[in-house]
Structures are given as C-alpha cells and as structure tokens.
Amino acid sequence: MPAVATMLNPALITLIASVSTEEYRRVAEKSMPLSLIFLITPLVLHKDTRIVLPSTTATHLAKWVSEHPVIWAGFPERAKQCVPFIWEGLRFGTRHGVLAVAPGGLVSVPAPHKGKPPVAGDIASIVRASGLLGRWLTKIDNSETAYALFGVTP
C-alpha cells in the first residue's frame, strides 16, 4: 500500500497535471481541457503503459491504442480508481499556485524558480510521459474522442 500512496499523492498528481498542461499549451497555444487530466494521470502512473508509450507524437493515438489492447483493457477501472486522487491533486495544485483554471481548461502557472525535472527513475519516467501525452492529445479533435479510444466516458 505505501507504493500506491506514493504514486497517488497530491503533489505527484499536481506535477503530472503541470507538465502535461504546460506541454499541451505550448503546442496547441490554448489551455488543456480539464477532462484530459483524468486520462493522462492513470496512463502515466501505470508503469506497463509508460514503458510502451512511443517516444514521439508521430504515432497516431488510435493506432497506438489498437496495437496495445492488453494495456488499455484495464484502463477503465484504473481511471475510475484514480478520480478522487486526481481531484485532490488538482485542488492541491490550485491551492499552491501551480495550476489554474482558465478559459477552456487547465493551465500550468509559470514558476520563476522551477527546479530541474528528475533525469532518472520512475518520477522522471512519469514526467516524460506526462509531457508526451500533453503534446500527443493536442492532435485529437476533442476530449470525447480521446475518452472513446480508451473505452471510458468523461
């Protein structure tokens, strides 16, 4: 249980949301729809999913999902279990000035003294995957399409 508590702590969820929204905004030049964080978080926290994510956004998300049915088969239950932790992480992030709600969704608040992201280990892997998914989801027309690919509803 300690490993689960570590992976679902509000600060880590805030980090995932911050990195993914920052990358989404950088590419799309708009805020990330709030609902996407409920897809991103269970994807990046699941190690078996993280290790099979592509290294770039060149692969179409629908193609990737179809090539990894074992990964997304358990996704709906993982996503459902993460919901209360994600809400807590979003509250934590907004309360501490790391995240903000903006027109159209969620944004990362620039920090003048942001530290360097970790370069190795699970946290570094989560950070890289969060950024990748933030960029990758800019290629999907709407959140509902992304949700449908994973067999869940917003």
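The values are calculated or read from the model by the stated rules, or taken from the named source; none is laboratory data. The structure displayed is predicted, hence computed values, not measured ones. Neighbour counts are summed over all protein chains in view; Cβ atoms, including those assigned to glycine, are modelled from backbone coordinates with ideal geometry.
Within the stretch 95-106, residues that are without any contact (Cβ under 8 Å) to a residue 40 or more places away in the chain reach partners that are outside any strand (DSSP E or B) with beta carbons closer than 6 Å, at six or more positions or on different chains, in the pairs 97/109; 100/109. Quick one: is residue 91 among the charged types (D, E, K, R), buried (at least 17 other Cβ atoms within 10 Å of the Cβ) and touching a residue at least 24 places away in the same chain (Cβ under 8 Å)? In short, no.
Among the residues of the stretch 24-32, is any within 22 Å of residue 145 (Cβ to Cβ), among the hydrophobic types (A, V, I, L, M, F, W, C), in a helix (DSSP H, G or I) and under 11 Å from the mean Cα position of the chain (by Cα)? No.
For residue 53, the conditions (1) in a helix (DSSP H, G or I); (2) touching a residue at least 24 places away in the same chain (Cβ under 8 Å) all hold with the exception of (1).
Per-residue answers, yes or no, for (1) small (Gly, Ala, Ser); (2) out of contact with any Lys or Arg (no Cβ under 7 Å at 6 or more places or on another chain); (3) outside any helix (DSSP H, G or I); (4) under 17 Å from residue 132 (Cβ atoms):
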residue: 20; (1), (2), (3), (4): yes, yes, no, yes
residue: 41; (1), (2), (3), (4): no, yes, no, yes
residue: 62; (1), (2), (3), (4): yes, yes, no, yes
residue: 79; (1), (2), (3), (4): yes, yes, no, no
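Starting from residues that are within 15 Å of the chain's Cα centre (by Cα) and either over 21 Å from residue 16 (Cα atoms) or among the charged types (D, E, K, R) (or both), keep the ones in the stretch 54-81 and report whichever is surrounded by the most Cβ atoms within 10 Å (Cβ to Cβ). Checking each candidate, the answer is 78. Among the residues of the stretch 145-154, none qualifies, meaning not one is crowded, with 18+ Cβ neighbours inside 10 Å, among the hydrophobic types (A, V, I, L, M, F, W, C) and at pLDDT 95 or above.
Filtering the stretch 82-101 for residues that are assigned to a helix (DSSP H, G or I), more than 16 Å from residue 25 (Cα to Cα), at pLDDT below 90 and more than 15 Å from the chain's Cα centre (by Cα) leaves an empty set.
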